[in-house]
Amino acid sequence: MVSVLNILFQVFLLIAALGILVLIHELGHFLPAKWFGMRVEKFYLFFDWPRKLWSIKHKDTEYGIGLIPLGGYVKIAGIIDESMDTEFIGKPAEPWEFRAKPVWQRFIVMVGGVTMNLILGILIFSFIKFYYGEAKLPVEGLKNGIEVPKGSITEEMGFKNGDKLLTFNGQPIKYLEDVANPSILLNSNSFFEVIRNDETLKIQVPNDALRKFINKKKENPTLFLPAYKSKVKVMPKTLAEKSGIQTGDEIIQIDTVKIHLFSQIRETLKQYAGKEVNIIVKRGEKTIQFKVKLEKKPVLGVVPNEELPVERTKYDPISSLKPGTLAAFNTLNDNLKGISKIFKGEADVSKSVAGPLKIGAILGEQVEKIGWLGFWVITGSLSMWLALINILPIPALDGGHVIFLLIEAITGKEPSLKVRMIAQQIGMYLLLGLMIIVLLNDFFN
């Protein structure tokens, strides 16, 4: 029952995100078309094939919601688009048709959707900066260095618990967040410098690290964590409190395993799930031993008893625009780097490309982990990605129409109707085929 509810929740999140993205994109076409006096025959959120869910007619425009939540469209009179409407062919252009308007007006209509998606992405990331602010950990404040998740790609690279991060690609590392994000694996020929036992070491990042990270992602989604000493804070009404362990105690041994960092407590307890185990703590000058009967899910009920020097930044609505814009375009840049990795053979296409099913799963996972912040981060990223995809010079996409308009603006002559019809059909078949491949990839993954 829980899995069914999870799936339904993922579907809801996916439809909500797509609904926002499609609505804003299509408004980008609809509004300038109306301003320039073009007749908009249909405005649909989602595709109304094989049927529509709801519609209403107001003046010349039918507004509705379609059944298939994979896109949407605005049908403007006198344009060859995905509807493949050819009724106007052979007839004189009416003043309210798309084809009757100057090139510059048609150009604005065609780039309107992309523009709106860029604006939406920037506004979402600016809102995130304004509402949530920023919290960063200066690496110089990590007295215990970093923790390297067990079995992670960073452990495979050669990082050790307690390493102190120094530089990345020769540039000093100021905050842990700057390098803990897996997006750094999108770079090529990268390297770190770390301090280990007062010695400076160089650690190379393999160019195929992204592929390896994706394969390990479910188990270890983080590159680095701040390392905490094993001094604990005991949560009330937990196994630790019942056993006599107190806040301020430093766990130094579990059974025969020596403990130095807090993360070792979790990892070691997993080995003794459902068993009785000896836990040795240091309390002041004393060393005390406790016998603790662990449950099948070995949760002791302790957290690190150590404060880290977090730097927090708050933004007002205006000042949030600059970091929000930077964050929005950084996501776009990361996607472009990811595509480059795929073409270089340094990342697997099947694991790196996400379609609707996978996006829904990612949305559900992020909302579960970090709340609605996760929803808005993914939606903002998708808005930037949608803008990039739609401006590509592929027939049936906005970019394909833009290419034809540029040709007309340069030559003073519109490309022939036959060429545009064939290009539109080819583009539609390509997009349909790509959509099927992506859906199948999602399903089998």
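The values are calculated or read from the model by the stated rules, or taken from the named source; none is laboratory data. Please read these numbers as outputs of a predicted model, since none were measured by experiment. Here the Cβ is made from the backbone with ideal geometry for all residues, glycine too, and neighbour counts use every protein chain on show.
Any residue at all in the range 208-222 that is exposed (fewer than 15 other Cβ atoms within 10 Å of the Cβ), small (G, A, S) and within 24 Å of the chain's Cα centre (by Cα)?
no
Does the range 261-284 hold any residues that are touching a residue at least 24 places away in the same chain (Cβ under 8 Å) and within 18 Å of D249 (Cβ to Cβ), and which are they? Explain how you work it out, then say what you get.
Taking the range 261-284 and keeping what is touching a residue at least 24 places away in the same chain (Cβ under 8 Å), we get 261-265, 267, 269-270, 272-274, 278-283.
Selection gives L261, F262, S263, Q264, I265, L269, N278, I279, I280, V281, K282, R283.
Sort out which residues of the range 1-40 are β-branched (V, I, T) and either over 20 Å from G355 (Cβ atoms) or part of a loop (DSSP other than H, G, I, E, B) (or both), and write them in order of number.
Within the range 1-40, the first condition is being β-branched (V, I, T), and the residues that meet it are 2, 4, 7, 11, 15, 20, 22, 24, 40.
Scanning the range 1-40 gives V2, V4, I24, V40.
Quick check: anything in the range 104-115 surrounded by fewer than 14 Cβ atoms within 10 Å (Cβ to Cβ) and not hydroxyl-bearing (S, T, Y)?
Residues of the range 104-115 surrounded by fewer than 14 Cβ atoms within 10 Å (Cβ to Cβ): 104.
Still in the running and not hydroxyl-bearing (S, T, Y): 104.
Yes - at least one qualifying residue is present in the range 104-115.
Which of the residues belonging to the range 41-59 are more than 34 Å from the chain's Cα centre (by Cα) and surrounded by 13 or more Cβ atoms within 10 Å (Cβ to Cβ)?
So the first thing to find is which residues in the range 41-59 are more than 34 Å from the chain's Cα centre (by Cα), and the list is 41, 56-59.
Matches in the range 41-59: E41 only.
Which members of the range 408-438 meet the condition of being in contact (Cβ under 8 Å) with a residue 40 or more places away in the chain, loosely packed, with under 15 Cβ neighbours inside 10 Å and over 22 Å from P102 (Cα atoms)?
Selection gives Q425, M435.
Would you mind finding the one in D48, D81 that is in a strand (DSSP E or B), acidic (D, E) and out of contact with any Lys or Arg (no Cβ under 6 Å at 6 or more places or on another chain)?
On the way: D81 fails: in a strand (DSSP E or B).
So the residue among D48, D81 that is in a strand (DSSP E or B), acidic (D, E) and out of contact with any Lys or Arg (no Cβ under 6 Å at 6 or more places or on another chain) is D48.
Quick check, is F191 part of a strand (DSSP E or B), among the aromatic types (F, W, Y) and not assigned by TED's automatic domain parsing to the domain that holds F262? I'd like the intermediate steps shown before the answer.
Working: part of a strand (DSSP E or B): yes; among the aromatic types (F, W, Y): yes; not assigned by TED's automatic domain parsing to the domain that holds F262: yes.
Yes; evaluated as a whole, the condition is true for this residue.
In the set K237, K242, which member is among the charged types (D, E, K, R), surrounded by fewer than 15 Cβ atoms within 10 Å (Cβ to Cβ), out of contact with any Lys or Arg (no Cβ under 8 Å at 6 or more places or on another chain) and in a loop (DSSP other than H, G, I, E, B)? First the steps, then the outcome.
Numbers: K242 fails: in a loop (DSSP other than H, G, I, E, B).
After applying the criteria, what remains is K237.
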